[in-house]
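This report refers to the structure that appears directly beneath it.
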Amino acid sequence: MERLSEKPNQLAALKAAFPSTVPVMTGYACLGLAYGLLMAANGYGPLWSGLMSAIGFGGSMQYVAISLLVTAFDPLQAFLLAIMVNARHIFYGLSMLGKYKGLGAARILLIYTLSDETFSLVSTLEPPEGVRPRDFYLWISLLDYAYWVIATVLGGLLGRFLTFDTTGMDFALTALFVVLFLEQWKKKENRPAGVIGLLCAALALLLFRDELVIPAMVFILAALLGGRKRLCT
Amino acid sequence: MYLTPLQTIAMILAVAAGTQITRWLPFWLFPENRKPPALVTYLGRVLPTATMGLLIVYCLKDVAWLSAPHGAPELIAIAVVAALHCWKGNVLLSIAGGTAAYMLLVQAVFV
């Protein structure tokens with residue numbers, strides 16, 4: 001429900017949201033440009049990159065899908081693979097049930113655009129005084145979404161003219177996750193869960209290499225549920 | 001283009017459908033007009049930090065730990081991020097500093 005006493009100030013919400021999305025812009029610029037370039041190299045121009053990004057929004061799966069676009073037509077495989085690759089989103093939804101409660105129609109956009117990076121921001125940050133949570137989360141989500149779509153289109157258009165060596169610039173996203181991990185680490189009660197996340201994922205990486213995400217999710221769930229009594233206190 | 005435009009659109013929709021199911025599933029299972037089970041509320045509280053740990057490890061999945069430089073650029077850059085963040089506490093500065101350090105390391109130091 002909206003509180004009637006507060007006038008929604010979208011500009012203030014945008015001003016509050018924008019700085020936190022700058023690292024995402026940097027990371028998406030690199031990964032999105034590279035994606036558009038790769039799509040173009042496979043015969044799918046900027047329009048196709050843009051369509052895929054706008055509708056199928058989800059970086060890692062979009063990269064996987066490039067290989068599916070250059071073999072025999074198999075949408076069922078694409079559908080199932082998208083579920084597997086993106087299974088981690090289930091954790092994001094579970095984490096955001098509380099914060100995204102009662103936000104009305106905005107919820108549709110918030111859930112539609114809930115990427116890794118957007119999740120990391122909205123789950124960690126709180127809106128400043130005078131900015132409605134709904135507007136704050138929505139601006140973060142829409143800015144991130146726009147960065148990705150625009151970057152992939154630009155990649156398809158002018159990727160080949162890039163002369164600046166961007167190698168390593170996508171580390172911005174790793175750095176973003178590290179910083180947000182540290183932000184959550186500040187609260188003592190979050191620490192056991194953080195250690196569980198790191199250790200379970202490291203174990204899954206050791207055992208399953210590239211396919212670590214789903215085993216890591218299983219390990220994390222088992223550890224969090226097993227340690228519930230202790231973590232709750 | 002390998003596929004026809006119509007086939008490509010079908011592929012885009014298939015990717016979107018699979019991706020969106022993973023985003024919507026928790027919200028379908030636990031609609032907002034009903035109180036979710038205590039276990040789900042508990043998971044909602046502890047999962048964000050655990051998931052951030054998973055995302056960090058996921059970002060490092062392609063690092064070749066067993067061959068030179070043994071993940072040194074990544075580990076050094078993460079140390080720079082953490083040090084900057086503990087020192088100044090400025091999110092943008094920490095990320096920009098760490099990313100610049102990483103680019104320098106992979107482009108000029110560990111080549």
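What follows draws every value from the coordinates through simple rules; no lab data is involved. For clarity, every value in this text was computed on a predicted model and none was experimentally measured. Cβ coordinates were reconstructed from backbone atoms using ideal geometry, including for glycine residues, and neighbour counts include every protein chain displayed.
Tell me the Kirkwood radius of the stretch A:129-188: reciprocal of the mean inverse pair distance over distinct alpha-carbon atoms, in Å.
14.6 Å
What FRET efficiency, computed as 1/(1 + (r/R0)^6) with R0 = 30 Å and r the Cβ-Cβ distance, is obtained for B:Thr4 and B:Val63, rounded to the nearest 0.05?
For B:Thr4 and B:Val63, the calculated efficiency is 0.15.
Bins of 10 Å, beginning at zero and ending with the bin holding the largest distance: percent of Cα pairs per bin for chain B, please.
Distribution as computed: 11, 23, 21, 27, 16, 1 percent.
Give me the percent of Cα-Cα pairs in the stretch B:61-111 that sit more than 16 Å apart, rounded to a whole number.
In whole percent, the long-distance tail amounts to 41.
With labels modelled as points extended 7 Å from the Cα through the Cβ direction, what inter-label distance (nm, one decimal) is found for B:Glu32 paired with A:Leu207?
3.7 nm
Could you line up A:Val70, B:Val40 from fewest to most neighbouring Cβ atoms inside 10 Å?
Least to most surrounded, the residues fall as A:Val70, B:Val40.
Below 8 Å between Cα atoms, with a sequence gap of 6+, how large is the relative contact order for chain A in percent?
34 percent
Of A:Val179, A:Phe79, A:Phe208, which is farthest towards the positive pole of chain A's charge dipole, taken about the Cα centre with +1 and -1 on the beta-carbons of Lys, Arg and Asp, Glu respectively?
Positive-most Cα among the choices belongs to A:Val179.
Just rank A:Ser60, A:Ser49, fewest to most, by other beta-carbon atoms within 10 angstrom.
A:Ser60, A:Ser49
Residues of the stretch A:16-40 with backbone nitrogen within less than 19 Å of a virtual label 7 Å along the Cα-to-Cβ line of A:Glu129, please, listed as ranges.
A:16-17
With θ set to phi - 60°, apply the Karplus curve 6.51 cos²θ - 1.76 cosθ + 1.60 along the stretch A:99-106 and write out the HN-Hα couplings as whole Hz, x wherever there is a Gly or Pro.
The phi angles translate into 5, 9, 7, x, 9, x, 5, 4 Hz.
Write down Rg/Rh for the protein assembly as shown, rounded to two decimals, with Rg from the C-alpha atoms and Rh from the Kirkwood relation over Cα pairs.
With Rg and the Kirkwood Rh in hand, the quotient comes to 0.95.
Regarding the stretch A:54-130, what's the average projected area of the Cα-atom convex hull, expressed in nm²?
For the stretch A:54-130, the mean projected area of the Cα convex hull comes to 6.3 nm².
Across peptide A:180-186, what mean number of C-beta atoms from other chains lies inside 10 Å of a residue's C-beta?
6
Two decimals is fine: what is log10 I(q)/I(0) at q = 0.14 Å⁻¹ for the stretch A:10-169, from a Debye sum with one equal scatterer on every Cα and no solvent?
-0.75
Arrange the following residues from fewest to most other Cβ atoms within 10 Å of their Cβ: A:Trp185, A:Trp48, B:Trp87.
By the 10 Å Cβ count, ascending, the order reads B:Trp87, A:Trp185, A:Trp48.
Once R0 is set to 35 Å, what does the formula 1/(1 + (r/R0)^6) return for the Cβ-Cβ distance between A:Tyr112 and B:Leu104, expressed as a FRET efficiency to the nearest 0.05?
E(calc), rounded to 0.05, equals 0.40.
Simple spin-label model, 7 Å along Cα-to-Cβ: A:Ile214 to A:Lys188 in nm?
4.0 nm
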